[in-house]
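Please find one structure pasted underneath; my questions will follow.
Coordinate-derived values only; no laboratory data. A quick note: this is a predicted structure, and the numbers were derived from the prediction, not measured. Cβ placement follows ideal geometry from the backbone for every residue including glycine, while neighbour counts extend to all protein chains displayed.
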Amino acid sequence: MEREEEKLNLQDMRLNQNRELDLGKNLYWTDEVKIKIQGVRLMTQFNTQKEDKYVNEFKILKSIGKGAYSKVKLVIRQYEENGNQYEESYAMKVYNEIEVWAKINYENVVKIYELIDADDHDYLYIILELADLGQLASWDFKQELYIRNQAIYESVLNHLKETQVFDASKREVEQIAKFIFRQLAQSIYHLHEECSIIHRDIKLDNILLSSKDLKLKLTDFTVARSDIADETRLFDSEGTPSFTAPECHIVSQEGYRPKPTDVWSFGVSLYAYVQGIVPFYASGGELEMQINSRTKEVEIPETFSPELSDLILKVLEKNPMQRLTIFEVLNHEFFKL
Ligand SMILES: Nc1ncnc2c1ncn2[C@@H]1O[C@H](COP(=O)(O)OP(=O)(O)O)[C@@H](O)[C@H]1O
Ligand SMILES: [Mg+2]
């Protein structure tokens, strides 16, 4: 089986994943997976019995294109009418986000439950696990600050106090950050080392929390990439400029390694959560911030503890070969209990 076609086999994937649902009984992963077929939206069924690959009655012939967020395949539909054989060709669009996301089943990643194609709308809907506390922080354009989500902050603080983990001698926000960002590091570790996926858009807006056991839920796989191998090199820049690593801004001819870029964005997110602004911040805008991140050393605020300062310096290391790996991040002093 060709590797690319193997990826399409969502039905097998579903069987392997043994999803647990706690949202609503009527939401479940059916045998049907929706794919958009040139304007005509259909419930689809992957046929694993035949040698040729089918999505419903559409036979996949070959890949014909690849965009930033999808790939497109040439498919044909064969049918019989009044004793005559007919064949129609279509282009079938497979969305990157759905394809990559559906492969992940992890407690710290938002789950996809179902894809819905409503009859009266020209949309494809994705039913997701709800992270009821919302995103970690939101950018306030007037104040030029990230405003932390108060419900998350208070919930984590109460939890730390109730479980007697809270240490009154240490800075409060760092203890909250430690609780949240350890889970973020775990989710990135899972993506990198167990799924061969990179996220490429890690930032405060895409990090959510659920009140159930205060679980972090990483979301937004729009620009994520799967099948990352040791030798994989990337050449394009994706994600949010102020969170992306310096090596993605001006890409060398050899390209750049995928995984260290997520570690950089992890560092920017942690810094921004504690400090309220991204490192290398410039009011002149994204371009100026990118230049700063390539040319200036990160300024560590005096309020940062020695452990946090050390971690930030090692993840915001400009040379990706010297930057910590996500495994090293997890084992850093800052995350020690
Ligand atoms: N599963 C979810 N639970 C709670 N809030 C969510 C969920 N998914 C998305 N959101 C909210 O919607 C915002 C946008 O969703 P996202 O998937 O990041 O879309 P985009 O690709 O447009 O950034 C998130 O930043 C978050 O605030
Ligand atoms: Mg987003």
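Let me check the size of segment 53-128 from its C-alpha atoms; what are the radius of gyration and Dmax in Å?
Calculated on Cα positions, Rg and Dmax stand at 16.0, 55 Å.
Something else now. Which entries in the list Lys161/Lys336; Lys103/Lys259; Lys66/Lys103; Lys259/Lys318; Lys203/Lys318; Lys142/Lys314 go over 22 Å, if you measure between the two C-alpha atoms of each?
Values: Lys161/Lys336 18 Å; Lys103/Lys259 18 Å; Lys66/Lys103 20 Å; Lys259/Lys318 14 Å; Lys203/Lys318 18 Å; Lys142/Lys314 32 Å.
Table pairs above 22 Å Cα-Cα are Lys142/Lys314.
Okay, moving on. Per residue of segment 314-326, what does 6.51 cos²θ - 1.76 cosθ + 1.60 with θ = phi - 60° give for ³J(HN,Hα)? Whole Hz please, x for Gly and Pro, Karplus curve as stated.
So the Karplus estimates, Gly and Pro as x, are 7, 8, 9, 7, 5, 7, x, 6, 9, 5, 4, 7, 5 Hz.
Amide H neighbours of Ile207 under 5 Å, at least 5 residues apart or on other chains, H built in the peptide plane: list them.
Leu136
For a test of the definition: using alpha carbon positions, the gyration tensor, and the 1.5 limit on a/c, classify segment 217-290 as rounded, prolate or oblate.
oblate
Work through the residues other than Leu128 whose Cβ is under 10 Å from its Cβ and net out their charges, Lys, Arg +1 and Asp, Glu -1.
In short, 0.
Between Glu81 and Glu154, what is 0.36 nm times their sequence separation minus the Cα-Cα distance? Round to one decimal in nm.
Here the segment from Glu81 to Glu154 would lengthen by 19.7 nm.
Would you kindly state how much longer the chain becomes between Asp236 and Gln322 on full extension, computed as 0.36 nm times their sequence separation minus their alpha carbon distance, in nm to one decimal? Working shown, then result.
Working: separation 86, 0.36 × 86 = 30.96 nm, distance 2.15 nm.
Net length gain for the segment: 28.8 nm.
While we're looking at this one, here's another question. So for Tyr146, Tyr79, fewest C-beta neighbours within 10 Å to most, what's the order?
Least to most surrounded, the residues fall as Tyr79, Tyr146.
Could you work out the local net charge near Leu214, counting Lys and Arg as +1, Asp and Glu as -1, over the other residues with Cβ closer than 14 Å to its Cβ?
Once all neighbours under 14 Å are counted, the net charge is +1.
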